[in-house]
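Here the structure is laid out as structure tokens; the discussion comes afterwards.
The values are calculated or read from the model by the stated rules, or taken from the named source; none is laboratory data. Bear in mind the structure is a predicted one, so any value in this text is a computation, not a measurement. Here Cβ is always computed from backbone atoms with ideal geometry, including for glycine, and neighbour counts include all displayed protein chains.
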Amino acid sequence: MLAPPPLQDPAFKVDRLTVTFPGADAGARSPIMDFSLEIARGEITCLLGPSGCGKTTLLRALGGFARAENTGGVLFQGQWLRAPTSDIVMIFQENNLYPWLTVRRNVAFGLPYCEGTREEKRGRVEAMLRHVGLEAAADQYPRELSGGMRQRTAIARALMVDPKVLLLDEPFSALDVALRRRMQELMRAIWASTRTTFVMVTHNVEEAIMVGHRVIVLGGRPMSVLLDERTDAIPKDRYAPETLALQRRIEDLIESRRV
Ligand SMILES: Nc1ncnc2c1ncn2[C@@H]1O[C@H](COP(=O)(O)OP(=O)(O)O)[C@@H](O)[C@H]1O
Ligand SMILES: [Mg+2]
């Protein structure tokens with residue numbers, strides 16, 4: 001694939017990244033070797049690709065968690081990212097919450113580290129609970145919630161600390177279709193009001209097209225970019241001909257390139 005032109009304002013510049021795993025034998029080939037990619041600030045980038053190709057590994061590297069070789073790495077806002085930072089928050093498929101805290105307390109968890117008076121903070125928590133539709137569940141515990149409510153709580157908690165970047169690793173894959181679609185709409189609504197940089201891994205092609213401004217298909221070993229497509233010009237309508245055509249193109253590509 002031809003290299004795309006450099007982005008005006010990248011949040012991340014993955015520059016010749018090679019990830020190594022502690023304990024992995026030297027002969028084992030890493031899924032990510034000499035990999036480069038730019039991710040724009042203030043938009044939703046969706047990552048697709050066959051299972052095992054290295055999506056989670058890449059996301060962890062964007063979160064500052066990966067052990068990178070000295071030859072390259074991840075630049076975040078122009079600085080080498082060497083460790084996790086509070087500017088970048090990661091949400092996993094499941095188990096993002098503290099089980100011993102109520103929804104409200106989970107959402108408020110990061111606030112002691114933020115600025116503002118107690119009153120202001122309390123107001124922000126209530127506003128966020130309303131924003132994600134959890135006001136009625138605020139006093140419940142994670143075990144009493146549905147999967148969708150748990151993920152909404154996780155997203156709300158992440159957003160409370162005003163991160164610059166939200167990384168999401170297959171956040172809705174445990175949800176049924178209807179709930180998943182509601183969560184996709186919520187993501188778009190949150191993005192519209194915060195303009196936070198989102199990087200979301202999903203294995204659902206339709207989801208990537210519906211949520212993302214840009215869809216990237218990864219694959220191969222070592223991993224490379226198989227397709228990189230802007231989707232803002234496509235109507236956010238899952239049955240529009242353009243959406244279905246792109247979905248088909250991506251599914252065929254993933255099918256033909258299983259690792
Ligand atoms: N902790 C680890 N130790 C050794 N190898 C790992 C480790 N984590 C991931 N890998 C390797 O990286 C590959 C990609 O894993 P992952 O990033 O989880 O893929 P994906 O999220 O795309 O399904 C795996 O197939 C495995 O070979
Ligand atoms: Mg994964």
Query raised in the report: When only residues in the stretch 13-44 that are assigned to a strand (DSSP E or B) and within 16 Å of ligand 2 (Cβ to nearest atom) count, which is farthest from R257 (Cα to Cα)?
Result: V19
Report summary line: Being closer than 21 Å to D237 by Cα, assigned by TED's automatic domain parsing to the domain that holds L47 and of a type in the set (A, V, I, L, M, F, W, C) narrows L218, L179 down to just L179
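Do we find a residue being among the small types (G, A, S) and over 29 Å from D15 (Cα atoms) anywhere in the stretch 96-109? Give the derivation first.
First, pick out the residues of the stretch 96-109 that are among the small types (G, A, S): 108.
Then drop every residue that is not over 29 Å from D15 (Cα atoms), which leaves 108.
The answer is yes; a qualifying residue exists.
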**Report entry** Condition met for T57 (among the hydroxyl-bearing types (S, T, Y), within 16 Å of ligand 1 (Cβ to nearest atom) and out of contact with any helix residue (DSSP H, G or I) (no Cβ under 6 Å at 6 or more places or on another chain))
**Finding:** yes
Report summary line: Counting only helices (runs of 4 or more DSSP H) entirely within the stretch 141-259, those with at least 3 residues that are closer than 30 Å to R124 by Cβ are 147-160, 177-194, 205-211
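If a residue has to be of a type in the set (A, V, I, L, M) and at pLDDT below 90 to count, how many in the stretch 163-176 make the cut? Show your work before the answer.
Kept after step one, since they are of a type in the set (A, V, I, L, M), are these residues of the stretch 163-176: 165-168, 174-175.
Filter once more, so that each one left must be at pLDDT below 90: 174-175.
Counting residues in the stretch 163-176 that are of a type in the set (A, V, I, L, M) and at pLDDT below 90 gives 2.
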Report task. Could you run through the stretch 79-102 and say how many residues are among the β-branched types (V, I, T) and more than 19 Å from M187 (Cα to Cα)? Result -> 2
Report summary line: Log entry, pairs with first residue in the stretch 53-67 being in the same structural domain as Q77 (by TED's automatic domain parsing), second being surrounded by fewer than 23 Cβ atoms within 10 Å (Cβ to Cβ) and acidic (D, E), beta carbons closer than 7 Å, six or more apart or on different chains, reads T56/D169; L59/D169
